[in-house]
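The values are calculated or read from the model by the stated rules, or taken from the named source; none is laboratory data. Remember, it's a predicted structure, so these values are computed and weren't measured experimentally. For neighbour counting, all protein chains shown are included, and Cβ atoms are generated from backbone atoms with ideal geometry for every residue, glycine included. These accessible areas exclude ligands, DNA and RNA; they are computed on the full protein's heavy atoms, side chains included. Shrake-Rupley method; radii C 1.70, N 1.55, O 1.52, S 1.80 Å.
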Amino acid sequence: MTKNKRITFNEMDESKTILLAQKISMVLSGGDSLLLSGEIGTGKTFFARSLIQEHISNCGGQIEDIPSPSFTIVQLYDHITPPVWHVDLYRVDCSDELQELGLDEAYYSDIVLIEWPEKLGLYMPKRFLSITFEHEETRHEFRKITLETSGPNWGWLFNTLRPSGSKKKL
């Protein structure tokens, strides 16, 4: 059984959030799922946009405007390899609606970012990185961002985010 790992970043402003998204983007590969949780306005979509823009750039693509999939539910970037799915489940009422999306196959081959993952129900991926966004208690312009792994093969992530032999965080 694989033990979950967790790391928390405090006092994350916009520039630090972009940097975190870029660092994670550089090491993601097909089969990686990121579950983005937090209240409205805590930075889930901002983080997803930054990560997707970096991934497109790393694949040699032209950086484009990344729309929120709030109304379309899924925004697919299949002109890059591996493809990236940006899924926003805020408007989904029942997990039964998710069967038609094809997430099961995407979990194994593509990069999948899901906002409001608590609505996944039985469609939760077996392996994922949970990223939770919270307002800092005293300074709302800052966020606390917590990453927690579930499933095997996430050790590389923490090596990327923390310099070797250091407890210093991003």
note = Picked from the stretch 60-79 (must be open to solvent by 50 Å² or more (accessible area, probe 1.4 Å) and among the aliphatic types (A, V, I, L, M)), the residue modelled with the highest pLDDT is LEU76
ask   = Going by the conditions given, is PRO82 of a type outside the set (A, V, I, L, M, F, W, C), assigned to a loop (DSSP other than H, G, I, E, B), closer than 25 Å to ILE63 by Cα and open to solvent by 20 Å² or more (accessible area, probe 1.4 Å)?
value = yes
ask   = Can you name the residue in the stretch 104-158 that is open to solvent by 60 Å² or more (accessible area, probe 1.4 Å) and of a type in the set (Lys, Arg) and is also modelled with the lowest pLDDT among such residues?
value = ARG139
task = Check VAL92 against each of (1) part of a strand (DSSP E or B); (2) touching a Lys or Arg at 6+ places or on another chain (Cβ under 7 Å); (3) surrounded by fewer than 18 Cβ atoms within 10 Å (Cβ to Cβ) and name the one condition it does not meet.
result = (1)
query = Among the residues of the stretch 105-120, is any in contact with a helix residue (DSSP H, G or I) (Cβ under 7 Å, 6 or more places away or on another chain) and on the phi > 0 side of the Ramachandran plot?
reply = no
